[in-house]
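The values are calculated or read from the model by the stated rules, or taken from the named source; none is laboratory data. Every value quoted in this text rests on a predicted model; they were computed, and no experiment measured them. Please note: Cβ atoms are built from the backbone with ideal geometry, for glycine as well, and neighbour counts cover all protein chains shown.
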Amino acid sequence: MSRGILLVNLGTPASPSLADVRSYLNEFLMDRHVLDMPWPIRRLIVSCFILPFRPRRSADAYSKIWTDEGSPLLVNTQSLGHAVNERLNVPATIAMRYGEPSIANAVAGLHASGVRELLLLPLFPQHANSTRTTAIEAVTAAMPNDMTLEVVAPFYASPGYIDCQAQLIEAHLPDEWEHLLLSYHGLPERHLNAADPTGNHCLRASECCQTPSAAHATCYRHQCFETTSALTRRLRIDPSRYTLSFQSRLGRLPWLTPYTDQVLANLAAKGVKRLVVTCPAFVADNLETLEEIGMRGREIFMTNGGETLTLIPCLNADSRWVELLSGWCDPQIASRSIDIS
């Protein structure tokens with residue numbers, strides 16, 4: 001049986017037009033792993049309270065980052081996929097959980113080319129049901145009966161991944177900087193509780209992420225802390241010179257804190273003038289990095305007294321990252337023993 005590789009990222013609208021953004025948001029928000037509530041309630045919230053208002057704001061944001069080649073997330077992920085494909089002797093392709101290229105079409109294409117052993121690499125360093133779980137479920141549902149699936153584990157603390165991130169930060173770090181902000185995509189607190197296999201650990205105590213537990217295998221917050229700890233140790237940054245935060249919250253339910261927009265304002269108000277921001281929950285630049293941090297975040301920081309905000313790019317198709325991914329996807333690796341070091 002032949003082996004094939006599927007790299008899956010989250011997704012993007014087909015264009016920054018209002019219609020395409022609305023269609024994308026509808027698909028995204030109607031996923032039960034994103035809005036984790038019964039379908040009738042989810043449909044009511046999305047149709048009556050989100051889609052009448054959110055698409056226009058999102059379309060405006062997308063229009064600010066859209067390139068001649070298309071969506072930055074798609075373009076960057078395609079570049080990564082092409083680079084990995086060139087290094088392997090097996091077919092490798094990309095797909096988006098929402099939008100195009102779809103997971104269903106990607107799996108069908110690999111199957112038609114003769115692939116019967118599929119290796120899935122979700123391009124999300126930390127585990128979350130709204131990223132990894134939904135991607136794995138969608139791939140599983142699209143697979144024919146004669147195809148097997150193997151999934152690369154979360155790589156939030158993989159030495160190879162940490163080293164790639166650290167070298168990227170070092171390459172873009174200004175000569176004079178004062179503080180590093182590590183901004184991760186946010187999650188509703190209820191998502192952590194839903195992913196907790198013990199049912200009684202996550203967010204039950206202030207030190208839950210530092211207290212050993214089986215919950216950590218699926219705890220996004222713990223894994224963000226671990227990424228931060230490993231990265232700052234590797235970069236030898238004193239704890240007084242970095243902060244962790246969570247961005248992109250939506251709605252009124254409690255999300256993981258501290259919130260990035262508030263941290264940006266607070267750091268500037270405390271006298272930080274030269275800030276560096278990195279986003280280690282993303283491996284490809286997208287709306288959340290380029291517009292939310294690079295534009296709105298910069299404005300918040302400077303309005304409150306900051307002078308410069310340096311946004312570290314995502315790994316995108318960085319040569320070290322391509323080499324690392326290609327190693328993880330090497331067809332000679334034995335099943336279920338993938339080395340993500």
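Condition check ((1) part of a loop (DSSP other than H, G, I, E, B); (2) in the same structural domain as Asn76 (by TED's automatic domain parsing); (3) under 15 Å from the mean Cα position of the chain (by Cα); (4) among the aliphatic types (A, V, I, L, M)) across all residues:
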position	(1), (2), (3), (4)
Asp261	no, no, no, no
Asn266	no, no, no, no
Gly271	yes, no, no, no
Val277	no, no, no, yes
Phe282	yes, no, yes, no
Leu290	no, no, yes, yes
Ile293	no, no, yes, yes
Arg296	no, no, no, no
Glu299	no, no, no, no
Show me the helices (runs of 4 or more DSSP H) found entirely inside the range 125-200 where at least 2 residues are hydroxyl-bearing (Ser, Thr, Tyr) and touching a Leu at 6+ places or on another chain (Cβ under 6 Å).
none
Could you tell me whether Arg32 is modelled with pLDDT of 95 or more, farther than 19 Å from Ser248 by Cβ, outside the structural domain of Glu292 (by TED's automatic domain parsing) and not β-branched (Val, Ile, Thr)?
yes
Is it the case that the range 147-163 has a residue that's in contact with a helix residue (DSSP H, G or I) (Cβ under 8 Å, 6 or more places away or on another chain), surrounded by 16 or more Cβ atoms within 10 Å (Cβ to Cβ) and over 23 Å from Glu323 (Cβ atoms)?
yes
Pairs, first touching a residue at least 12 places away in the same chain (Cβ under 8 Å) in the range 95-115, second of a type in the set (Lys, Arg) and surrounded by 22 or more Cβ atoms within 10 Å (Cβ to Cβ), C-beta under 7 Å, six or more apart:
Ile103/Arg97; Val115/Arg3
Which of the residues belonging to the range 202-245 are under 16 Å from Phe124 (Cα atoms) and outside any helix (DSSP H, G or I)?
Cys219
How many residues does the range 56-101 contain that are aliphatic (A, V, I, L, M) and assigned to a strand (DSSP E or B)?
4
Look through Thr93, Thr67 and report the one residue that is buried (at least 20 other Cβ atoms within 10 Å of the Cβ) and either under 21 Å from the mean Cα position of the chain (by Cα) or under 24 Å from Pro313 (Cα atoms) (or both).
Thr93
Checked against (1) without any contact (Cβ under 8 Å) to a residue 24 or more places away in the chain; (2) surrounded by fewer than 17 Cβ atoms within 10 Å (Cβ to Cβ), Gln78 satisfies every condition except (2)
For Leu250: the one exception among (1) within 19 Å of the chain's Cα centre (by Cα); (2) surrounded by 15 or more Cβ atoms within 10 Å (Cβ to Cβ)
(2)
Take the conditions in contact with a helix residue (DSSP H, G or I) (Cβ under 9 Å, 6 or more places away or on another chain) and among the acidic types (Asp, Glu) and apply them to Glu100. Does it pass?
yes
